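The structure appears right after this line, and notes come after that.
The values are calculated or read from the model by the stated rules, or taken from the named source; none is laboratory data. Since we're looking at a predicted model, the values are computed, not measured. Cβ placement follows ideal geometry from the backbone for every residue including glycine, while neighbour counts extend to all protein chains displayed. Remember, those area values only see protein heavy atoms, side chains included, never the ligands or the DNA or RNA. Shrake-Rupley method; radii C 1.70, N 1.55, O 1.52, S 1.80 Å.
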Amino acid sequence: MSVSQVPVAADLAATDDIGWAVRLLAATPTHEHRDPELLRRWARAADAFGSALAPVACEARIVERDGGLELGLLARYTSRPPTVELYTDTIDLAERVVDARGWRDWYPPGSVRAAALAHEAVHVHLHHGPAKAALKRALGHSALRLGRLRVAGHVAGAEEVAAHAYARTVCGLGRSPLLLTAALAAETETGSGTVSESTPPPARDARREN
């Protein structure tokens, strides 16, 4: 769960959850020249898919550590061995950002950690089960067509959108964690770990699967 996935506008909350999902996709390599309406359609499909997922337990080992601010991460899933890393320094900063921006109604106390864990639990779920193929079908993107045969294609960034939507739903958040990660990107760009206004570095998917 990267804190620098999307370009940030000055009035963060003015962009709705689908708008942030579109920004995430647009900032993902391979989508630079995609039709904005296609990106919005994929964003809506991925958001709906994540929102509709039944609750999944995290089957990976959970480790809490510092160092997330340097990496630009709230959490990360690595697959060998299956491990979810939760970065306590970034989570603590996120809680302060929520208070500073007056977003506590959207993100109740403790929900940042819960959302980060839920987000990574979906990555575990998609990595090891049939749900990944189901997400591809939901997106409706074809990598290959041969007569009536259609091979569903991969949409880079769609899994991130789905994971954020899932976390928003199962944690009962008022807004997607995408909004919070955009705010965190604005804060961490200063390098001080304090609440301020700035522009984040270019978007990147810092989740690693070894």
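Rounded to the nearest whole Hz, the Karplus-based 3J(HN,Hα) values (6.51 cos²θ - 1.76 cosθ + 1.60, θ = phi - 60°) of segment 41-58 follow the sequence 5, 5, 4, 5, 5, 5, 5, 5, 4, x, 5, 8, 5, 5, x, 10, 7, 6, with x at glycine and proline.
Note on E37/H127: beta-carbon distance plugged into 1/(1 + (r/R0)^6) with R0 of 25 Å gives a FRET efficiency of 0.25.
When peptides 22-34, 52-64, 167-179 are ranked by their average number of other Cβ atoms within 10 Å per residue, the highest-first order is 167-179, 22-34, 52-64.
In square angstrom, what is the accessible area per residue of segment 49-92 with a 1.4 angstrom probe?
49 Å²
Measuring nothing but protein heavy atoms, the accessible surface of segment 5-144 at 1.4 Å probe radius is 54 percent carbon and sulfur. Segment 56-135 and segment 23-42 have Cα centres spaced 24 Å apart.
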